[in-house]
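To keep things clear, I will list the structure first and then write my remarks on it.
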């Protein structure tokens, strides 16, 4: 388990400048090599990622890195490439899916590279645990983040309402959303998107109840009553005008550019802390950041530190050593870190983090400060997601949330179906 106090002591969460000598660049490879790198994200992420790739090429003149960017079709493209034996050497994964890919042998364990091709001496304690599946480091965490709530500060000022904060309960939040939508007074603009289809938001909700989305046994860690309460909460909020319509909800593909906040249909979004940069780039007004609502003001936050994203090396890569050295460069090189900033989250290399913080803008600093502010409120990192987790999300959890929104099933019926589907998909 990642220890938040060790993280604090080692500087990952603390702002401050320090003078560091440049970490040594890797020497050029004797033979020319080409490597493919696949990720998803905003244009700003693409620009930063490609800039780091060019920097790596400059340090290794015989190496060529071909960058490929996916959008809403990222996962289907990745699946097609994996099945077709044409996987990129390195591909980006997120915490809710990386363990599933590892257990399907899509990624190469990194243990043999650690401390060698991938330097680990400057990584914050416990970070590698965030990439460990069944005793092996299956993916390299790229950053640190947490669940968060973004809000349009101007919308709240105009409405003369206080934004949600660290002690806002789910009941408080519902009342606030209804009031805010009325105060906005514009057709097809609501307070917030319908988060009933976000497994990560549901996970925080469950954590506040002392439960988990997935248990240690690889099966669902909640019961039908939890799911009924979750679906019912958002159904009630939608009926009372506090969150977006079913039609708008169905357009949300869990990407920054498709969220109701960025499409102008809402003024709040439940997301991940590192995504503040992407959201802020897509909206005109200044955004604020706070924690998710609580079950009770003095209860658990439901938060935990997460790896912002992972890089995995394809098990079929023809040059895994080169892939490992690129990952090392990506997380450990100071110049690479300065290019990447905190767009994917707070850097996991302590020296890189301390070198980056003095250079980042105010929006980026908000994400670092947020991660620091919740240090005493986070709980332990959950067990790795089981095989079938992505199928459970895309074929059960989200579709049932949409069916509730469109009035095709009741929250109770959706909950029972979710439990049944969970039992079918997740074998443990």
(1) more than 20 Å from residue 370 (Cα to Cα); (2) out of contact with any strand residue (DSSP E or B) (no Cβ under 8 Å at 6 or more places or on another chain); (3) not assigned by TED's automatic domain parsing to the domain that holds residue 131 all hold for residue 295 apart from (2)
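Being outside any loop (DSSP other than H, G, I, E, B), touching a helix residue (DSSP H, G or I) at 6+ places or on another chain (Cβ under 7 Å) and modelled with pLDDT under 95 is the filter here; which residues of the range 94-124 pass it?
Our first condition is that a residue be outside any loop (DSSP other than H, G, I, E, B); within the range 94-124, this holds for 98-103, 107, 111-114, 118, 123.
Keeping just the survivors that are touching a helix residue (DSSP H, G or I) at 6+ places or on another chain (Cβ under 7 Å) gives 100, 107, 113, 118.
Hit for the range 94-124 is 100, nothing else.
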Review point. For the range 180-189, does any single residue satisfy the condition of being touching a strand residue (DSSP E or B) at 6+ places or on another chain (Cβ under 9 Å), in a loop (DSSP other than H, G, I, E, B), surrounded by 23 or more Cβ atoms within 10 Å (Cβ to Cβ) and in contact (Cβ under 8 Å) with a residue 60 or more places away in the chain?
Key: no
When restricted to 50, 37, the only residue under 18 Å from residue 331 (Cα atoms), in contact with a strand residue (DSSP E or B) (Cβ under 8 Å, 6 or more places away or on another chain), buried (at least 17 other Cβ atoms within 10 Å of the Cβ) and modelled with pLDDT of 90 or more is 37
Sole miss for residue 255 among (1) in contact with a helix residue (DSSP H, G or I) (Cβ under 6 Å, 6 or more places away or on another chain); (2) surrounded by fewer than 19 Cβ atoms within 10 Å (Cβ to Cβ); (3) closer than 26 Å to residue 41 by Cα is condition (1)
Of the listed residues (368, 378), the one being modelled with pLDDT of 90 or more, within 17 Å of the chain's Cα centre (by Cα) and more than 26 Å from residue 40 (Cα to Cα) is 378
*Does residue 183 meet the test of being at pLDDT 95 or above and at positive phi?*
no
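A quick yes/no check of all residues on (1) touching a helix residue (DSSP H, G or I) at 6+ places or on another chain (Cβ under 7 Å); (2) in a helix (DSSP H, G or I); (3) touching a residue at least 12 places away in the same chain (Cβ under 8 Å); (4) under 27 Å from residue 393 (Cα atoms):
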| site | (1), (2), (3), (4) |
| --- | --- |
| 45 | no, yes, yes, yes |
| 48 | yes, yes, yes, no |
| 54 | no, yes, no, no |
| 58 | no, yes, no, no |
| 61 | no, no, yes, no |
| 65 | yes, no, yes, no |
| 68 | no, no, yes, yes |
| 79 | no, yes, no, yes |
Within the range 125-138, identify whether any single residue is farther than 17 Å from residue 385 by Cα, in a loop (DSSP other than H, G, I, E, B), assigned by TED's automatic domain parsing to the domain that holds residue 73 and at pLDDT 95 or above, and answer yes or no.
-> no
Flagged pairs (Cβ under 6 angstrom, 6 or more apart or on separate chains; first in the range 367-388, on the phi > 0 side of the Ramachandran plot; second buried (at least 17 other Cβ atoms within 10 Å of the Cβ) and modelled with pLDDT of 90 or more) are 388/425; 388/426
Of the residues in the range 148-173, those that are within 23 Å of residue 282 (Cβ to Cβ), in contact with a strand residue (DSSP E or B) (Cβ under 7 Å, 6 or more places away or on another chain) and not in a strand (DSSP E or B) come to 153, 155, 163, 164
When every residue in the range 105-121 that is out of contact with any strand residue (DSSP E or B) (no Cβ under 9 Å at 6 or more places or on another chain) and farther than 22 Å from residue 351 by Cα is compared, the one surrounded by the most Cβ atoms within 10 Å (Cβ to Cβ) is 112
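Can you spot a residue in the range 340-350 that is assigned to a helix (DSSP H, G or I) and touching a strand residue (DSSP E or B) at 6+ places or on another chain (Cβ under 8 Å)?
Scanning the range 340-350 turns up at least one residue that is assigned to a helix (DSSP H, G or I) and touching a strand residue (DSSP E or B) at 6+ places or on another chain (Cβ under 8 Å).
The values are calculated or read from the model by the stated rules, or taken from the named source; none is laboratory data. Keep in mind that this is a model prediction, so the values were computed, not measured. Using ideal geometry, Cβ is built from the backbone for each residue, glycine included, and neighbour counts are taken over all protein chains shown.
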